[in-house]
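Below is one structure, written out as structure tokens, with a few remarks after it.
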Amino acid sequence: MRTRISAILIILLGTTLAAGCSIFGKPDIETADSGISGTIKVMYWDEQSFMNKYGYLFMAEHKNIDIEVVSTSGLHNYDSSEIPNLNAAYHKLIEEEKPDVIMVGIDDLEKLAADGALYDLEPSIMRDKFDIENIHPTIIEYLRKKGGGKLYALAPNFTSQALFINRDLFQQYGIELPPEKLSWEELFLTAMRFPVTGGDRDRVYGYHNGEYRNTPYHLLLTVADEMGLRMENQGTATMQTPSWKRAVELVAQLYKSGVVQVGELPKTPDMTYTEMWMLDHLFLAGRVAMTMGDPDLMRDLNEIGATEKELKFNWEILHAPSSATGHSQNFSLNEVFAINAKSTNLKAAWEFIRYSSGDEIARIRSRNPDEMWSRITHMKTKDNKSIEPFYQLSFDRNAAPVNTVYAELPQMMETAITTELNEVIADRKSVEAALEAIELEARKQIQQLNIQNK
């Protein structure tokens, strides 16, 4: 019996040693059960957020691996009078801190991969039989595209939006509910069927673009993104096009109709705290028929329904509006993890990658009402509401790579776009003239960015 057990142990040991041999031309990353230890540096927004979301759970399962967080928060600390070169600062941080696990800006992924700065995850995935079949296929496809055909990174979670509708308002005004899938033009036409009469304290609105985004500028960017439009193409401004004209026309038409609340609603000293709160959260107060929102809005609606019975109303979630072209991306990946090709602890780095995108953490964290995890196994419903609309992900497979030099251009253009859109909405300027002025300002900003990045 002892001889048989010894033989089995020898076979198992030989198998384990064989698994540690690399056939891929780079240092091999061992499997999860190989007694890995050491300290890894992981890039993230800040240490406490990382530990709460990933660190404590990971270290509880991997007692011999310590984590040092390389915070990126300092990249956003700059004088408001300056225009920072965030791209250069990001790469400098990687060079100086040498993190084992890099939180990759999605637009940097292709360049870092092409420069050989990242470790190809495919061999480790295949060897360890790591399950990526239950990670949203669109996200895997998108990451492979950004990696030039290879999978250099995984994204544990994503953000997306869906269309929330107040069923009670549709019923009250005898307006047919929108279809499950609709275009932006159909959404705006539906919104414009709602009345525009009443005072600030009681009137309803057909559409609201969401908290902190309910401005013509933000709505134009939302529609333009869905239409696959960009302000810059190969280093030059590209705004005077039929597609941009149509986007501006749609937004201007909606605001001209009066069905969108503009600016802050006035508050008076005689108002209660609840009344003032309701003016700042019109959809939650039951005064908006349709709004774009993320899972945070689901959480808020459920909390209000449980605590403020008089504000409770019937609501549901539909797919986010799409463009007629179909050339749109409707999700974001803000936490994309890759392994630094120069890492001195590839084994531990891979352990973190596989854990952060694995089944166990998704099972635990998916209970959080405002998080969408890429691993779809445990994501069926939240609070008895289907979250399927949040998982209808798409991207433009023919889109040209984004030049990170111009990543800040939309923010830099906010003042100019807001000014010109307001002129169009007030009928003081034509759409063509507004786009000409916007494009002229975009050229100036692009020139400034080119000088900065020389």
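The values are calculated or read from the model by the stated rules, or taken from the named source; none is laboratory data. This structure is a prediction, so every number in the text was calculated from the model and none was measured. So basically every Cβ, Gly included, is an ideal-geometry build from the backbone, and we count neighbours across all protein chains shown.
The table below gives the values:
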| quantity | calculated |
| --- | --- |
| Qualifying residue in the stretch 409-419 (condition: under 30 Å from Leu163 (Cβ atoms) and either aromatic (Phe, Trp, Tyr) or at pLDDT below 90 (or both)) | no |
| Tally of residues being free of Cβ contacts under 8 Å to residues at least 24 places away in the same chain and exposed (fewer than 13 other Cβ atoms within 10 Å of the Cβ) across the stretch 373-415 | 5 |
| Residue match in the stretch 252-267 (condition: over 19 Å from Lys429 (Cβ atoms) and not in a loop (DSSP other than H, G, I, E, B)) | yes |
| Hits in the stretch 158-203 - residues which are surrounded by fewer than 18 Cβ atoms within 10 Å (Cβ to Cβ) and of a type in the set (Gly, Ala, Ser) | Gly174, Ser183, Gly198, Gly199 |
| The stretch 338-359 residues that are in a loop (DSSP other than H, G, I, E, B), paired with ones that are of a type in the set (A, V, I, L, M) (beta carbon under 6 Å, 6 or more apart) | Ala341/Ala117; Ala341/Leu118; Ser343/Ala349; Asn345/Ile40; Ser357/Leu154 |
| Residue check for Leu265: in contact with a helix residue (DSSP H, G or I) (Cβ under 7 Å, 6 or more places away or on another chain), touching a residue at least 24 places away in the same chain (Cβ under 8 Å) and under 30 Å from Thr418 (Cα atoms) | yes |
| Qualifying residue in the stretch 230-251 (condition: surrounded by fewer than 14 Cβ atoms within 10 Å (Cβ to Cβ), under 29 Å from Asp168 (Cα atoms) and assigned by TED's automatic domain parsing to the domain that holds Leu301) | no |
| Looking only at the stretch 298-313, and only at residues there that are hydrophobic (A, V, I, L, M, F, W, C) and either free of Cβ contacts under 8 Å to residues at least 60 places away in the same chain or not in a loop (DSSP other than H, G, I, E, B) (or both), the one that is nearest to Thr381 (Cα to Cα) | Met298 |
| Residues (closer than 23 Å to Glu133 by Cβ and surrounded by fewer than 18 Cβ atoms within 10 Å (Cβ to Cβ)) located in the stretch 343-364 | Asp359, Glu360, Arg363, Ile364 |
| Every pair of residues 6+ apart whose Cβ atoms lie under 7 Å, when the first sits in the stretch 224-243 and is over 22 Å from Pro321 (Cα atoms) while the second is of a type in the set (Lys, Arg) and assigned to a loop (DSSP other than H, G, I, E, B) | Thr238/Arg230 |
